[in-house]
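Please treat every number below as a calculation from the coordinates, not as lab data. Only a predicted model underlies this, so the values are computations on that prediction, with no experimental measurement involved. Here the Cβ is made from the backbone with ideal geometry for all residues, glycine too, and neighbour counts use every protein chain on show.
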Amino acid sequence: MKRALAWLRILGAVGILAVLVWQLGSDAFLDGLGRIDTVGVLAALGIGFATTLFSAGRWQIVATRLGLRLSLRTAVGDYYRALFLNGVLPAGVLGDVHRAVQHGRESGDVPRGVRAVVLERTAGQVVLIGSAVTVVLAWPGVVPGAFRQVVTLCGVVVVLLAVAAVVVGRVAGGRWIHSPSKVRRGFAATLADVRLGLLTRETWPAVGLLSVATLAGHLALFVVAARVAGVAAPVGQLLPLMILALLAMGLPLNVGGFGPREGVCALLFGAAGLGAAQGVTVAVVYGVLTLVASLPGAGVLLVRSVAGFRLARAPHAGTVVPAPRTAADVPVESEMGLKS
């Protein structure tokens, strides 16, 4: 079943891209790539570092509140590695899965390590969905009717789920933590971690601020991509479109973010009078710059892989390797016995 869902995601993304090529031609995908220059690459690396630092700081806060050890330096390295793996592997989330499981193993609590990553990413998605709903309410004209309904529905669902989680946590969380049912105990533990990792007064202001800063970094990179692609529209006109494009990247039909992002950009840029082909070009350039921004993660992956390989080949610490025996080491009694 999991393999079928993975193939469905890949085929869905490929299908979206194929329709765009059929309707707009391949030039919409290739035009912006030739414009990427050194300034764009350096901007992507700089913005990517700031965005990764904000995201890693958010993860560190959540993990620490859940009782897991995580330094900011380790968090930044692990986050870079996860971003790179997300960008080059098909599912688009395998880097985060690896980050969650690896940190959980190192901390001695895999379930809590996974929950820390899920909560950290959820905080970012809540801010993004809230921003998208704000766009829909404040600038309804820039959003096609069908997409407006989808965004509004997502916002309503998120609010209802949050309210339901709070109510259930208040009513049953304390009792279910000692329930004989493994499912209820796990649900109660998850709710407790949600409250502790996100909703306390010591946590939510910092997590919320870092999530807003992370979103601002993604939008800044999108503006760079638009300028590289030759779009001269004002930033105020582009930001609502880009927020919705970032929301589309969360749809489960993408390969490293490619697919829905290009389709939504074509739809939104066309509706805004900027041209559907121009929207696809901006989305493709953004995808490439995002991959460039994650390239330090390849270095982290390489360095840690080499270090792990050397550690695996090195003799175990504390193991005494016996010296070769010589004739002088043979007891006298043994020699006498042999002679007799």
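Around S55, what is the net charge, scoring Lys/Arg as +1 and Asp/Glu as -1 over all other residues with Cβ under 10 Å from its Cβ?
+1
For the range 51-56, the Karplus equation 6.51 cos²θ - 1.76 cosθ + 1.60, evaluated at θ = phi - 60°, returns couplings of 5, 5, 4, 4, 5, 5 Hz by residue, with Gly and Pro reported as x.
Each label was represented as a point 7 Å from its Cα along the Cα-to-Cβ direction; for F49 and R35 these points are 2.6 nm apart. For T64 and Q125, a Förster radius of 25 Å and the Cβ-Cβ distance give a FRET efficiency of 0.75, rounded to the nearest 0.05.
Counting other Cβ atoms within 10 Å, which trypsin sites (Lys or Arg not before Pro) in the range 178-233 have at most 10 and lie in a DSSP loop?
Taking the range 178-233 and a limit of 10 other Cβ atoms within 10 Å, the loop trypsin sites (Lys or Arg not before Pro) found are R201.
Computed from the C-beta positions of S305 and A206 and an R0 of 45 Å, the FRET efficiency is 0.85 to the nearest 0.05.
Listed peptides 209-217, 80-88, 64-72 appear in the order 80-88, 209-217, 64-72 once ranked by packing, highest mean of other Cβ atoms within 10 Å at the front.
A Förster radius of 30 Å combined with the Cβ-Cβ distance from V183 to L161 puts the calculated FRET efficiency at roughly 0.95. The length gained on full extension between V97 and L42, counted as 0.36 nm times the residue separation minus their Cα-Cα distance, comes to 17.0 nm.
The modelled label-to-label distance between R73 and L199, using points 7 Å beyond Cα along the C-beta direction, is 3.6 nm.
For the range 183-193, the Karplus equation 6.51 cos²θ - 1.76 cosθ + 1.60, evaluated at θ = phi - 60°, returns couplings of 5, 5, 5, x, 5, 5, 5, 5, 5, 4, 5 Hz by residue, with Gly and Pro reported as x.
Contact order for the range 59-115, expressed relative to its length and based on alpha carbon pairs under 8 Å spaced 6+ residues apart, stands at 25 percent.
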